[in-house]
Amino acid sequence: MSPLNIKKGSSKHSAYALRPNFSDVEETHTLAVLVDNEAGVLARVIGLFSGRGYNIESLTVAEVDHEGHLSRITIVTTGTPQVINQIKAQLGRIVPVHEVHDLTVEGPAVQRELALLKVACQGEKRVEALRLADIFRAKAVDSTLTSFIFEITGTPEKIDAFADLMRPLGLAEIARTGVAALSRGAS
C-alpha cells in the first residue's frame with residue numbers, strides 16, 4: 001500500500017516524525033565553574049564527566065582569587081541540550097562548586113586560547129611559514145636553522161586554521177592551553 005493510499009487512522013507513523021528532532025542535535029558549550037581551590041575538586045569535576053561518558057574538549061584551571069582561595073574551571077564540552085543541562089545541574093550539586101555559568105547561552109563571551117606550534121622546515125617552506133605567521137599574527141618565539149616555534153593566541157578556530165596551514169610546511173608538534181573565556185559586559 002503506498003503512503004498516498006493509506007486510509008485515515010491506519011497509519012502507524014506521523015508526518016511529524018519526518019522533521020528532525022532538534023533536541024538530539026549536539027552543541028558545543030563553554031562552561032565557567034567557580035570552585036574552592038582545594039585538593040580533589042578538579043578530580044570530582046572530571047569524575048562527573050568521565051563517570052557519565054561525557055567528553056571534555058578543553059579544560060583550563062587557575063586560581064582567580066588568592067584571598068578567597070577560589071579557582072575558575074573553564075570547560076568546553078559537547079552534547080545534546082538535555083545532556084548540557086544535566087551537566088550544569090550535576091556540577092551545581094558538587095559541594096565546593098560556587099557558581100556554574102554556561103557562557104554559550106548567557107550572552108556574548110570572549111574566548112581565547114594560546115598555542116605553541118613547532119614547524120620543522122627549510123628553504124622556501126621556511127619563508128612561507130614566516131609569511132603565514134605574520135598573516136595570523138603569530139610570533140616566532142624560538143628559531144633554529146631547521147625549525148621555528150610559533151606562539152599564537154586567538155579563538156580555537158583561528159588556531160585550527162593556522163595549524164592546518166602549517167601541516168604541509170612541516171608542523172612537528174603542537175601544544176594548546178585550552179579555552180579561557182569571560183562573558184562580555186559588566187556582569
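Every number in this text was worked out from the coordinates using simple rules, so none of it is lab data. As the structure is a computational prediction, the values presented were derived from the model and not from experiment. Here Cβ is always computed from backbone atoms with ideal geometry, including for glycine, and neighbour counts include all displayed protein chains.
Overview of values
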read-out	value
DSSP-assigned coil residues among GluC sites (Glu not before Pro) in the range 47-130, each with at most 11 further Cβ atoms within 10 Å	Glu67
Cα-based Kirkwood hydrodynamic radius, the range 47-92, one decimal, Å	11.8 Å
Cα gyration tensor, the chain - rounded (a/c under 1.5), prolate or oblate	oblate
